[in-house]
Amino acid sequence: MSKTIIAANRLPVKIVNDTGEFKLHTSEGGLATGLGSIYKSKDNVWIGWPGLEVEGEEQQQKITEELREQNLLPVFLDKDEITRFYEGFSNEVLWPVFHYYASTYAHYEQQNWECYKEVNQKFCDQILKIAQPGDMVWVHDYQLLLLPKMIRDAQRDISIGFFLHIPFPSHEMFRLIPWRKQLLEGMLGADLIGFHTFDDVRHFLSSVTRVLALQTSANVITNNRRVVVAESFPMGIDDKKYASLATDAAVKKEVAAICKTFNRQKLILSIDRLDYSKGILQRLRAFEQLLISHPELLTHITFYMIVVPSRDQVAQYKELRDQIDKKVGNINARYRTLEWSPIQYFYRSFPIETLSALYSAADVCLVTPMRDGMNLVSKEYVASRVNNDGVLILSEMAGASKELIDAIIVNPNNEYEVSEAMFVALNMPLAEQKRRMTLMRNNVGKFNIGHWVKIFKERLDEVKQMQRSLLTR
Ligand code: GDG
């Protein structure tokens with residue numbers, strides 16, 4: 001009986017060090033939910049880093065045993081690997097280059113590259129301990145670009161799928177990376193390579209032909225006489241979970257409390273991880289522009305901005321946080337009154353119930369990344385609007401803008417356009433809100449996370465069949 005092995009940088013659980021004792025917390029992330037039906041059944045396994053340094057073999061052994069009961073297999077990383085593989089290479093080379101921030105934020109260091117290779121090999125070694133011919137391995141994201149080839153070289157008779165959760169940049173960006181050739185070769189170890197959008201596929205194919213001089217026909221690449229397919233699979237969310245949270249009694253109580261606090265003010269909401277790609281500073285400037293252009297809105301609107309701490313060991317992220325603190329402080333100091341503040345800013349994470357209450361309470365959701373693979377927050381807002389009202393403002397640089405075309409689509413670099421979009425959204429007639437939201441809700445409901453998992457797996461099976469039929473010709 002063949003099995004499915006999922007490999008991602010992080011396990012779908014978080015290990016928390018509770019004063020010397022390690023405790024497991026389940027993750028509510030979209031990927032964990034979507035792949036839950038796979039890794040929890042039969043002999044299937046999810047391999048990944050538990051998100052924390054665990055010292056000592058005894059402790060590691062104990063955690064491994066606990067995780068095994070949940071079909072999880074840990075790859076432990078030491079301090080040096082966290083610094084070099086995770087922070088140094090994944091987040092200071094791949095993340096900035098793939099989000100078009102090469103010149104500002106990328107640092108190319110040979111030692112970090114060496115460590116990136118070693119950690120990918122560590123994942124491979126774990127997989128090879130359990131993989132049998134006929135199994136399927138589904139590798140996720142930019143931290144593991146080399147893994148498909150490593151597995152392929154060691155074990156040929158296996159189905160390998162790869163999915164990139166962040167954008168794939170244009171060839172002009174990608175070619176800047178000193179190790180571009182090895183990275184592409186690594187990805188091409190897979191049989192099926194998935195991206196969120198067709199543009200990502202296009203960029204990937206263009207790099208494959210220019211950097212590796214391989215032959216492509218439409219979206220099929222011929223690599224060493226083996227065909228590899230690159231295709232777009234826009235990731236969805238668990239729409240039913242957000243719809244049912246929105247009608248949950250406890251969440252409704254929270255919504256009522258939020259509405260009472262803000263009286264009859266209109267709420268604009270944004271939720272992001274701390275990241276320069278999310279356009280948080282530019283969004284704040286657009287909000288300030290709104291207050292300048294439309295002073296009649298003062299005291300009638302509140303911008304509720306949640307920024308979730310992320311990668312705060314990396315210097316650029318600390319700096320960004322300081323800049324956001326300063327900008328929020330400036331705007332609030334300039335426009336606040338005794339009873340009112342234009343921005344309610346939170347630098348922490350919240351339980352999903354609170355997010356749901358905010359999605360329900362917000363008249364406008366502002367999602368304006370400078371670049372984003374997909375952006376699930378935009379879809380979660382839509383799924384939460386069970387009354388079909390509310391307005392989504394969405395950056396055209398987010399993968400989600402290719403699907404949620406009934407949002408107000410903006411260029412996040414154009415602060416005037418974003419501020420005017422906010423004005424339009426705050427004044428949009430209910431009938432128009434409902435028309436747009438209904439169309440978007442249909443899309444989010446139809447192309448949900450279950451659909452995403454299903455079509456990726458089916459397509460991988462088809463690619464394997466195509467490879468076999470080509471061999472027997
Ligand atoms: C990467 C790509 C792509 C946020 N704050 C809290 C919280 N969240 C949850 C949201 C949402 C998730 O985190 C963020 O997902 P995004 O898609 O918006 O962004 P990334 O983290 O950058 O994800 C992205 C995604 O991968 C999937 O492929 O869409 O483009 O960059 O689900 O709800 N969850 C809780 N508390 C919070 O305070 N519980």
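Identify all residues within segment 260-291 that are in a helix (DSSP H, G or I), away from the ligand (no atom under 16 Å from the Cβ) and in contact with a helix residue (DSSP H, G or I) (Cβ under 8 Å, 6 or more places away or on another chain); write none if there are none. Passing the criteria: Leu281, Gln282, Leu284, Arg285, Ala286, Phe287, Glu288, Gln289, Leu290, Leu291.
Let's see how each residue does on (1) polar (S, T, N, Q); (2) surrounded by 15 or more Cβ atoms within 10 Å (Cβ to Cβ); (3) under 23 Å from His196 (Cα atoms):
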| position | (1), (2), (3) |
| --- | --- |
| Ser206 | yes, yes, yes |
| Asn219 | yes, yes, yes |
| Arg226 | no, yes, no |
| Ala257 | no, no, no |
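Condition (residue is closer than 19 Å to Leu290 by Cβ, small (Gly, Ala, Ser) and modelled with pLDDT of 95 or more) applied to segment 363-381: is it met by at least one residue? Looking through segment 363-381, none of the residues is closer than 19 Å to Leu290 by Cβ, small (Gly, Ala, Ser) and modelled with pLDDT of 95 or more. Screening segment 390-473 for helices (runs of 4 or more DSSP H) wholly inside it with 2 or more residues that are acidic (Asp, Glu) and at pLDDT 95 or above returns the ranges 415-426, 449-471. Taken as a whole, the condition of being in a helix (DSSP H, G or I) and either among the hydrophobic types (A, V, I, L, M, F, W, C) or crowded, with 21+ Cβ neighbours inside 10 Å (or both) applies to Val382.
Being under 22 Å from the mean Cα position of the chain (by Cα), among the charged types (D, E, K, R) and either over 30 Å from Met370 (Cα atoms) or within 16 Å of the ligand (Cβ to nearest atom) (or both) holds for only one residue in Arg10, Arg68, and it is Arg10.
Yes/no matrix, rows are residues, columns are (1) of a type in the set (Asp, Glu); (2) away from the ligand (no atom under 16 Å from the Cβ):
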{"position": "Phe168", "(1), (2)": "no, no"}
{"position": "Leu184", "(1), (2)": "no, yes"}
{"position": "Met187", "(1), (2)": "no, yes"}
{"position": "Ile193", "(1), (2)": "no, no"}
{"position": "Asp199", "(1), (2)": "yes, no"}
{"position": "Thr247", "(1), (2)": "no, yes"}
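Which one is nearest to the ligand (Cβ to nearest atom), of the residues in segment 367-401 that are among the aliphatic types (A, V, I, L, M) and more than 27 Å from Asn413 (Cβ to Cβ)? Across segment 367-401, the extreme among qualifying residues is Ala383. The single condition among (1) hydrophobic (A, V, I, L, M, F, W, C); (2) away from the ligand (no atom under 16 Å from the Cβ); (3) under 17 Å from the mean Cα position of the chain (by Cα) that Val364 does not meet is (3).
Okay, residues lined up against (1) charged (D, E, K, R); (2) not in a loop (DSSP other than H, G, I, E, B):
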position: Pro167; (1), (2): no, no
position: Ala190; (1), (2): no, no
position: Gly194; (1), (2): no, yes
position: Asp199; (1), (2): yes, yes
position: Ile221; (1), (2): no, yes
position: Tyr242; (1), (2): no, yes
position: Ala257; (1), (2): no, yes
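Among the residues of segment 64-93, those identified as crowded, with 18+ Cβ neighbours inside 10 Å, without any contact (Cβ under 8 Å) to a residue 60 or more places away in the chain and assigned to a helix (DSSP H, G or I) are Leu67, Glu81, Ile82, Arg84, Phe85, Gly88, Phe89. For segment 76-100, which residues satisfy the criterion of being more than 21 Å from the chain's Cα centre (by Cα) and acidic (Asp, Glu)? Matches in segment 76-100: Asp78, Asp80, Glu81.
A Cβ distance below 9 Å, combined with a sequence gap of six or more or placement on separate chains, defines the contacts here; from segment 161-176, residues that are in contact (Cβ under 8 Å) with a residue 60 or more places away in the chain and under 24 Å from Leu460 (Cβ atoms) reach residues that are in a loop (DSSP other than H, G, I, E, B) and more than 12 Å from the ligand (Cβ to nearest atom) in the pairs Gly161/Ala190; Gly161/Asp191; Leu164/Leu145; Pro167/Tyr100.
Determine, yes or no, whether Val119 is crowded, with 21+ Cβ neighbours inside 10 Å and either free of Cβ contacts under 8 Å to residues at least 60 places away in the same chain or more than 16 Å from the ligand (Cβ to nearest atom) (or both). The answer is yes for Val119. Within segment 303-317, does at least one residue satisfy the condition of being β-branched (Val, Ile, Thr), under 19 Å from Tyr105 (Cβ atoms) and touching a Leu at 6+ places or on another chain (Cβ under 7 Å)? Yes: one or more hits.
Checking segment 104-119 against the condition returns no match, with no residue being assigned to a loop (DSSP other than H, G, I, E, B) and in contact with a Lys or Arg (Cβ under 6 Å, 6 or more places away or on another chain).
The values are calculated or read from the model by the stated rules, or taken from the named source; none is laboratory data. Quantities reported herein were computed from a predicted structural model and do not represent experimental measurements. All Cβ positions, glycine included, derive from the backbone under ideal geometry; neighbour counts span all protein chains shown.
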